[in-house]
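The values are calculated or read from the model by the stated rules, or taken from the named source; none is laboratory data. None of the values given here were measured: they were computed from a predicted structure. FYI the Cβ positions are ideal-geometry reconstructions off the backbone, even for glycines, and counts take in every protein chain you see. Surface accessibility is based on the protein's heavy atoms, side chains included, excluding ligands, DNA and RNA. Shrake-Rupley method; radii C 1.70, N 1.55, O 1.52, S 1.80 Å.
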Amino acid sequence: MTLSLRTARLLLRPWRHEDVAAFAAMSADPAVMEFLRPFPDRAACEAWAARAHKHWRQHGFGQWVVELPGEASFIGVVGLFNTSYQAHFTPAVEVAWRLVRSYWGRGYATEAARATLDYGFDKLALPEIVAVTVPANLRSRRVMERLGMKHDPDDDYDHPNVPEGPLKRHVLYRLRNPQPAP
C-alpha cells in the first residue's frame, strides 16, 4: 500500500495513471534532464513509472508524485529507492527528486525531500540515506546540503551504469539517522 505525506505546502501522493504523461513532459525538458540520462521516448518514461510501482510493492517505499494542492496536481517526483547497482557504498537507500522547471527555486525540492527523509528515518528506521548527482549539479547539491547531508570527496565514484562522458562521475552525500535504532 502506498501512503501519502503532507508538508506545509505539498502533498506527496501515490502515482495515478495520468501522472505518466506529466512525468514524460517534465522529463522531455532539457533543463530538467541536464544532469540526468535522458529517456529516449514515452515508453521509457512508462517503464520508469512501472519500476517505481514495483519498488513500492516490493519494499514498502518509493517515489511519490509531488502535488501543490489547489495549484498543480503534478510538480515532480521525490522519494526513496534502493540503489540498483554496486558501488563502494551499496547496498543503500537513496533519496532523489525531480521537479518541473517552473517550480524550481521555491524550496519545494527541499521541503519534499525533508519529508521523505523524515519518513525514511522515523517510519522505516533506516540507519542512513544517501543522495548522488554529478559534480556540476550545483542546484541538487545545495538541496543536499540544506538537508544536512554531508559530502566526503573520498566517496566520489564513477557510476557503473553510465557510459563515459560528463555524467559518469558522481558525488555522494550521506545523512545518518539522528535517532539510530538501539
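Here are some notes:
- Unmet requirement for Val20, which otherwise passes all of (1) touching a strand residue (DSSP E or B) at 6+ places or on another chain (Cβ under 8 Å); (2) surrounded by 15 or more Cβ atoms within 10 Å (Cβ to Cβ): (1)
- Against the conditions (1) open to solvent by 70 Å² or more (accessible area, probe 1.4 Å); (2) in a strand (DSSP E or B); (3) of a type in the set (D, E, K, R), Glu145 satisfies every one except (2).
- In the range 153-163, the residue that is nearest to Thr7 (Cα to Cα) out of those that are without any contact (Cβ under 8 Å) to a residue 40 or more places away in the chain and either of a type in the set (A, V, I, L, M) or open to solvent by 70 Å² or more (accessible area, probe 1.4 Å) (or both) is Pro153.
- Looking across the range 52-98, the residues that are part of a helix (DSSP H, G or I) and charged (D, E, K, R) come down to Lys54, Arg57.
- Test: residue in the range 47-61 that is open to solvent by 20 Å² or more (accessible area, probe 1.4 Å), modelled with pLDDT of 95 or more and either out of contact with any helix residue (DSSP H, G or I) (no Cβ under 6 Å at 6 or more places or on another chain) or not aromatic (Phe, Trp, Tyr) (or both): no
- Residue selected from the range 164-182 under the condition part of a loop (DSSP other than H, G, I, E, B) and among the hydrophobic types (A, V, I, L, M, F, W, C), by the criterion surrounded by the most Cβ atoms within 10 Å (Cβ to Cβ): Leu167
- Of all residues in the range 113-142 being among the small types (Gly, Ala, Ser) and surrounded by 12 or more Cβ atoms within 10 Å (Cβ to Cβ), the one that is nearest to Asn177 (Cα to Cα): Gly120
- Among residues of the range 72-101 that are in contact (Cβ under 8 Å) with a residue 60 or more places away in the chain, those with a beta-carbon under 8 Å from a residue that is of a type in the set (D, E, K, R) and assigned to a loop (DSSP other than H, G, I, E, B) at least six positions away or on a different chain give the pairs Val100/Asp29; Arg101/Asp29.
- Answer residue from the range 5-17, given it is at pLDDT 95 or above and loosely packed, with under 13 Cβ neighbours inside 10 Å and is nearest to Asp118 (Cα to Cα) among those: Arg6
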